[in-house]
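The values are calculated or read from the model by the stated rules, or taken from the named source; none is laboratory data. All figures in this text were calculated on a predicted structure; none of them were measured in a lab. Counting neighbours? That spans all protein chains shown, and the Cβs are built from the backbone with ideal geometry, glycine included.
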Amino acid sequence: DVKVTQSSRYLVKRTGEKVFLECVQDMDHENMFWYRQDPGLGLRLIYFSYDVKMKEKGDIPEGYSVSREKKERFSLILESASTNQTSMYLCASSSLSIQALNTEAFFGQGTRLTVV
Amino acid sequence: AQTVTQSQPEMSVQEAETVTLSCTYDTSENNYYLFWYKQPPSRQMILVIRQEAYKQQNATENRFSVNFQKAAKSFSLKISDSQLGDTAMYFCAFIPYSGGGADGLTFGKGTHLIIQP
């Protein structure tokens, strides 16, 4: 059974703290993504990675960075958390498989982060 | 850049009724995939149905079907015989075929569907 696991369901952090959100997938997927979900705004792409040590900015990368040292793990880092980063964060992964034409993304259960 | 528009922030229907959620998109790509994802209160995103743009036949999955109009760039989801468990946020999403999906999905803002008993 495919699985994307996010390390925390709920997280409360203080303004200015460095925050790490971890995501692990067990499907040997090449692509991994971090989305931010806010009411009325849908899901917006923060960063994505298509290979180990590779990373690309999405639509809203400001205030975030990422790390992908191993294929199965993709970390989202808030260098100095701010209250406007209070949100739901969703990790996803997918296969880079042109031959299989498989672009379905599998999602973790989300981390609801509150910055106080 | 692609955009996906869902014009219905919230919908409410009675159990067993049929409901249609609308989605339009804008792209210059010719080959792409369209998806409907469901997010129940558990927050787990679940793929409901997928449509490949080069296929003219509309996709169906049990009670779920789509009306894909490529020229109009429209991709609506029809849920027949709606059930209480269908209550969820529904997101329409787009991904171009080029790049193998590495650029990620572009999502609409979602439609909150409520099934009333």
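A few comments on the model shown:
- Unmet criterion (only one of (1) within 13 Å of chain A (Cβ to nearest Cβ); (2) within 12 Å of B:Y33 (Cβ to Cβ); (3) within 9 Å of the chain's Cα centre (by Cα)) for B:Y90: (2)
- In segment B:45-69, the residues that are surrounded by 13 or more Cβ atoms within 10 Å (Cβ to Cβ) and within 14 Å of chain A (Cβ to nearest Cβ): B:M45, B:I46, B:L47, B:V48, B:I49, B:R50, B:Q51, B:E52, B:A53, B:A59
- Residues (in a strand (DSSP E or B), surrounded by 15 or more Cβ atoms within 10 Å (Cβ to Cβ) and not β-branched (V, I, T)) located in segment B:24-44: B:Y25, B:Y32, B:Y33, B:L34, B:F35, B:W36, B:Y37, B:K38, B:Q39
- Restricting attention to segment B:70-93 and to residues that are of a type outside the set (A, V, I, L, M, F, W, C) and farther than 30 Å from B:N30 by Cβ, the residue that is surrounded by the fewest Cβ atoms within 10 Å (Cβ to Cβ) turns out to be B:G85.
- Single condition B:Q8 does not satisfy, out of (1) closer than 25 Å to A:S94 by Cα; (2) within 14 Å of another protein chain (Cβ to nearest Cβ): (1)
- For segment A:1-50, the set of residues classified as over 17 Å from A:S65 (Cβ atoms) and of a type in the set (D, E) consists of A:D1, A:D26, A:D28, A:E30, A:D38, listed by residue number.
- Odd one out for B:Q14 among (1) more than 19 Å from B:I115 (Cα to Cα); (2) loosely packed, with under 13 Cβ neighbours inside 10 Å: (1)
- Restricting attention to segment A:76-88 and to residues that are surrounded by fewer than 18 Cβ atoms within 10 Å (Cβ to Cβ) and in contact with a Lys or Arg (Cβ under 8 Å, 6 or more places away or on another chain), the residue that is farthest from A:D51 (Cα to Cα) turns out to be A:S80.
- Residues that are at the interface with chain B (Cβ under 9 Å from one of its Cβ atoms) and on the phi < 0 side of the Ramachandran plot number at least 3 in the following strands (runs of 3 or more DSSP E) confined to segment A:12-116: A:31-38, A:42-49, A:87-94.
- Inside segment B:94-117, residues that are away from chain A (no Cβ under 14 Å) and surrounded by fewer than 19 Cβ atoms within 10 Å (Cβ to Cβ) make up a count of 3.
- Among residues of segment A:1-60 being of a type outside the set (D, E) and without any contact (Cβ under 8 Å) to a residue 12 or more places away in the chain, the one that is surrounded by the most Cβ atoms within 10 Å (Cβ to Cβ) is A:G42.
- The residue pairs whose first member lies in segment B:27-52 and is under 14 Å from B:K70 (Cα atoms), whose second member is aliphatic (A, V, I, L, M) and not in a strand (DSSP E or B), and whose beta carbons are closer than 6 Å, counting only pairs six or more residues apart or on different chains, are B:N31/B:A53; B:Y32/B:A53; B:Q51/B:A59.
- Residue in segment B:71-83 that is within 11 Å of chain A (Cβ to nearest Cβ) and either at pLDDT 95 or above or within 12 Å of the chain's Cα centre (by Cα) (or both) present: no
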